[in-house]
Amino acid sequence: MSDKYIVRSSAIAARMLGGEMMIMSAVDSTFFTLNEVATAIWQSADGRTPLSEIVGGVIEQFEVEPDVALRDAERFVEELSPHGILLVSDHPIDDSSAGSRETV
Amino acid sequence: MPQDHEIAVEIGGLPILLRTQDGSFRDMLVSRYAGFVGSASRPRFEFDVDLTVPSPSTESELPDDVRVEMRDGVWRLARGDFHAHWDARAGRGRIRQSANPYSIDSVLRIVHTLVLAKEGGFLLHAASTVRNGRAFVFSGISGAGKTTISRLAPGDVTLLTDEISYIRHDPHGYRACGTPFAGELARVGENCSAQLSTLFFLAKGPENKIGPVDAPEAARLLLRNILFFAEDAELVKMLFRSACEFVESVMVRRLTFVPDQRVWDLIQ
């Protein structure tokens, strides 16, 4: 698989509430709630760590099957990126290009 | 030279001066905002209202196509039936609309959403009341029962609004304030406020009961019912933060009720 890089957009607000990560797009006010696995991927989305490496961490942390973890991660990226919540690239992403994120 | 006619509409303790050259329009505003007319001597913001002749083409546009955006430090508010600009720093603005109460009502709501967003508060699709010195807010989409619960309120309950609740953040928590923004009940709320005790999300059901709402669900429901119109990323972030802080500090419950007065036995 060709590796992808993901970084959290600056145009979001996020907060852990009642054990769930809640994310809101500041662009279109779309609202997402992430489960534990998605939250781990989200928190690792620094633009420098390849998605495959992030998935590796998820497999280790949550003891899920590799193909399931990869499929879930790709679906997660597909769902969030159209709303500008995650930025995706085939190359490492300069963190500053995403700006400072607000996690409250 | 035409004479200016002024009125200060004070909602949530925020006086906004409206200035028009049409005395009858001013009289209409005095009647509409009865109970919320404050002192015109120290307004926080001032708006000149330029009245235009209604145009069938613009007035017939859908009422929900409102645009609110900041350009060059000035808020621009536009809908088919009005255009307004507002320099919040200077405290001045201008509204261009026909002589109808609905347009100015919308402008006031939008201005209040912008002011409240920066102060940790918000306007909410909700009825609100005061009982025993504490405020209870009842939120839900259209048809959830906001008007019904308001109509069923016993005599010792003060109605703040049956449609749009005004929630302010203060050092002691949150206060619900009365508004003149009425719904189906067509009754202006009392111009008073009280510390917020409980936010109920309404649902109609076979029995009266109060149930829990976990924090993520409360935040989801709250954000769905907050009025906000501005296309402004920073304010959206502030609103998100405010909603999260609100559900972490205020009791939030689901109130299922049958439409009779006994539901108020649960709300003390």
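Can you find, among B:Gly93, B:Leu223, B:Gly183, the residue farthest towards the positive end of the dipole of chain B? Put +1 on the C-beta of Lys and Arg, -1 on that of Asp and Glu.
Result: B:Leu223, furthest along the dipole toward the positive end.
Quote the relative contact order of region B:110-227 in percent (integer), defining contacts as alpha-carbon pairs under 8 Å separated by 6+ residues.
29
Tell me, what is the percent relative contact order of region A:5-96, built from C-alpha pairs under 8 Å that lie six or more residues apart?
Relative contact order, region A:5-96: 39 percent.
Please report B:His112, A:His91, B:His169 as a ranked list, fewest other C-beta atoms within 10 angstrom at the top and most at the bottom. Please report the intermediate quantities before stating the final value.
On the way: B:His112 23, A:His91 9, B:His169 18.
Ranking B:His112, A:His91, B:His169 by Cβ neighbours within 10 Å, fewest first, gives A:His91, B:His169, B:His112.
What residues have an amide H closer than 5 Å to that of A:Ala26, excluding those fewer than 5 places away on the same chain, when H is modeled at 1.01 Å from N in the peptide plane?
Here the answer is A:Ile12, A:Ala13, since their amide H atoms fall under 5 Å of that of A:Ala26.
Where the only charges are on Cβ atoms (+1 Lys, Arg; -1 Asp, Glu), what is the dipole of region A:5-96 about its Cα centre, to the nearest 20 debye?
Roughly 340 debye for region A:5-96.
Work from the charge dipole of region B:5-118 (Cβ charges, +1 for Lys and Arg, -1 for Asp and Glu, about the Cα centre) and give the residue of B:Met28, B:Val107, B:Pro15 farthest towards its positive end.
Working it through, the farthest residue towards the positive pole turns out to be B:Pro15.
For chain B, with a Gaussian network of springs between Cα atoms less than 10 Å apart, report the residue from B:Gly23, B:Gly155, B:Gly120 with the top mean-square fluctuation.
For chain B, modelled as a Gaussian network with Cα springs under 10 Å, the answer is B:Gly155.
Considering only DSSP states other than H, G, I, E and B, which GluC sites (Glu not before Pro) in region B:37-142 qualify as loop sites with at most 16 other Cβ atoms within 10 Å?
For GluC sites (Glu not before Pro) across region B:37-142 that sit outside H, G, I, E and B with at most 16 neighbouring Cβ atoms in 10 Å, the list reads B:Glu61, B:Glu119.
For region A:52-66, what does the Karplus curve 6.51 cos²θ - 1.76 cosθ + 1.60, with θ = phi - 60°, yield as ³J(HN,Hα) per residue in whole Hz, taken in order and with x for Gly and Pro?
Karplus-based 3J(HN,Hα) across region A:52-66 equals 4, 6, 4, 5, x, x, 5, 4, 5, 6, 10, 6, 9, 5, x Hz.
Using 7 Å Cα-to-Cβ label points, what is the B:Arg253/B:Asp48 separation (nm, one decimal)?
The modelled label-to-label distance comes out at 5.2 nm.
Need the C-alpha centroid separation for region A:1-42 versus region B:84-108, integer Å.
Distance between centres, Cα-based: 37 Å.
Please list 3J(HN,Hα) in residue order for region B:68-77, calculated via the Karplus relation 6.51 cos²θ - 1.76 cosθ + 1.60 where θ = phi - 60°; whole Hz, with x for glycine and proline.
After applying 6.51 cos²θ - 1.76 cosθ + 1.60, I find 10, 8, 9, 9, 6, x, 10, 6, 10, 10 Hz.
Among B:Thr198, B:Val263, B:Val157, whose Cα lies farthest out toward the positive end of the dipole of region B:122-266, if unit charges sit on the beta carbon of Lys, Arg (+1) and Asp, Glu (-1)?
Comparing the listed Cα positions along the dipole, B:Val263 ranks first.
Quick check for me: using +1 on Lys/Arg Cβ and -1 on Asp/Glu Cβ, what's the dipole size of the protein assembly as shown about its Cα centre, in debye to the nearest 20?
Dipole of the protein assembly as shown, to the nearest 20 debye: 1440 debye.
Counting other Cβ atoms within 10 Å, which trypsin sites (Lys or Arg not before Pro) in region B:58-157 have at most 13 and lie in a DSSP loop?
Details: sites: B:Arg67, B:Arg71, B:Arg76, B:Arg79, B:Arg89, B:Arg92, B:Arg94, B:Arg96, B:Arg109, B:Lys118, B:Arg131, B:Arg134, B:Lys146, B:Arg151; in loops: B:Arg89.
The qualifying sites are B:Arg89.
At 7 Å along Cα-to-Cβ for each site, give me the label-to-label distance between B:Leu266 and B:Ser39 in nm.
4.4
Lysines near B:Lys237 by alpha-carbon distance under 25 Å, same-chain residues fewer than 8 away left out - which ones?
B:Lys118
Where a ≥ b ≥ c are the square roots of the eigenvalues of the C-alpha gyration tensor, would you call region B:122-266 rounded, which needs a/c under 1.5, or, failing that, prolate if a/b is larger than b/c, or oblate? Show your work: numbers first, answer last.
Working: a/c = 1.57, a/b = 1.34, b/c = 1.17.
Taking the square roots of the gyration eigenvalues as a ≥ b ≥ c, region B:122-266 is prolate.
Is there a quick way to get the dipole size of region B:120-268? I mean about its Cα centre, with the Cβ of Lys and Arg at +1 and of Asp and Glu at -1; what is the value in debye to the nearest 20?
The dipole of region B:120-268 has a size of about 240 debye.
For chain B, calculate the relative contact order in percent as a whole number, restricting contacts to Cα pairs under 8 Å that are 6 or more residues apart. It would help to have the intermediate numbers written out before the result.
On the way: 585 pairs, mean separation 43.4, N = 268.
Worked out over chain B, it gives 16 percent.
So, how do all the Cα-to-Cα distances of region B:186-227 break down into 10 Å bins, in percent, from 0 on up?
19, 39, 37, 5
What value, in deg cm²/dmol to 500, does the helix sum -39500 (n - 2.57) over DSSP H runs of n ≥ 4 give at 222 nm once divided by the residues of the protein assembly as shown?
It lands at -8500 deg cm²/dmol.
Using a cut-off of 23 Å between alpha-carbon atoms, which lysines can reach B:Lys204, once sequence neighbours fewer than 8 places away in the same chain are excluded?
Result set, ordered by chain and number: B:Lys146.
Bear in mind these aren't lab numbers, they're just calculated from the coordinates by the rules spelled out. Not measured: the values here are computed from a predicted model. Positions of Cβ are backbone-derived with ideal geometry, glycine not excepted, and every protein chain shown enters the neighbour counts.
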